[in-house]
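**Q** Sharing a structure, written as structure tokens. Questions coming.
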Amino acid sequence: MNNVSRLPQPTATIDLTFTMLDKCIIDANATVRRFAFAHGVDFTQLEKGGENGVVIDAQHFGGEDCKIKFYLTKRGDRRVSISKLKSLAGDGDTVAITMLDGVVVINLTKVDATELDGYLNAIGY
């Protein structure tokens with residue numbers, strides 16, 4: 001399942017839990033913070049509160065538009081949310097956020113390696 005090695009760096013990876021999907025609360029782990037920083041989002045510069053987060057446009061692998069929001073909770077916890085994530089992934093899946101022909105969210109658990117390779121070859125990776 002190591003499809004992540006095929007993707008450009010930095011690529012964020014998130015191992016999803018039921019709670020992350022149910023409550024839409026995902027900790028911004030180190031890979032998420034590196035990806036965010038490479039795309040102009042510095043968690044140390046964000047103001048607390050979800051309303052002060054930074055939203056970027058993205059697509060789920062397969063083409064459905066989505067939004068990714070990087071934010072700090074009122075306590076200062078670093079978080080990320082991905083719209084429409086429940087339609088892409090389930091409990092125990094690993095998703096990646098990467099830059100291909102735009103920002104793309106890929107369910108690494110469910111994507112077929114041949115399909116991913118074909119997509120990467122088509123866009124020149």
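**Q** Considering each residue of region 20-29, count those that are within 12 Å of the chain's Cα centre (by Cα) and surrounded by fewer than 16 Cβ atoms within 10 Å (Cβ to Cβ), and give that number.
**A** To start, the set of residues in region 20-29 that are within 12 Å of the chain's Cα centre (by Cα) comprises 26-29.
Narrowing further to those that are surrounded by fewer than 16 Cβ atoms within 10 Å (Cβ to Cβ): 27, 29.
Residues in region 20-29 being within 12 Å of the chain's Cα centre (by Cα) and surrounded by fewer than 16 Cβ atoms within 10 Å (Cβ to Cβ): 2 in total.
**Q** In addition: Which residues, counting only those in region 10-19, are within 13 Å of the chain's Cα centre (by Cα) and not β-branched (Val, Ile, Thr)? Talk me through it step by step, then tell me what you get.
**A** First, pick out the residues of region 10-19 that are within 13 Å of the chain's Cα centre (by Cα): 10-16.
Within region 10-19, 10, 12, 15, 16 qualify.
**Q** Taking only pairs six or more apart or across chains, which ones have beta-carbon atoms under 7 Å, a first residue in region 20-44 that is touching a residue at least 24 places away in the same chain (Cβ under 8 Å) and within 14 Å of residue 82 (Cβ to Cβ), and a second residue that is polar (S, T, N, Q) and not in a helix (DSSP H, G or I)?
**A** 24/81; 26/81; 35/11
**Q** Right, another one. Of everything in region 44-64 that's under 21 Å from residue 103 (Cα atoms) and charged (D, E, K, R), which residue is surrounded by the fewest Cβ atoms within 10 Å (Cβ to Cβ)?
**A** Going through the qualifying residues, I end up with 57.
**Q** Just give me the residues in region 85-96 being farther than 14 Å from residue 20 by Cβ and either of a type outside the set (Gly, Ala, Ser) or surrounded by fewer than 16 Cβ atoms within 10 Å (Cβ to Cβ) (or both), in sequence order. Outline the logic, then answer.
**A** At the first step, the residues of region 85-96 found to be farther than 14 Å from residue 20 by Cβ are 87, 96.
Selection gives 87 alone.
**Q** Can you name every residue in region 68-125 that is among the hydroxyl-bearing types (Ser, Thr, Tyr) and either farther than 16 Å from residue 29 by Cβ or within 15 Å of the chain's Cα centre (by Cα) (or both)?
**A** Here is the first cut: in region 68-125, the ones among the hydroxyl-bearing types (Ser, Thr, Tyr) are 71, 73, 81, 83, 87, 94, 98, 109, 114, 119, 125.
Passing the criteria: 71, 81, 83, 87, 94, 98, 109, 114, 119, 125.
Just so you know, all these numbers are worked out from the coordinates, no wet-lab data involved. In this text the structure is predicted, and so the values were computed from the model without any measurement. We place every Cβ from the backbone using ideal geometry, glycine too, and count neighbours over all the protein chains shown.
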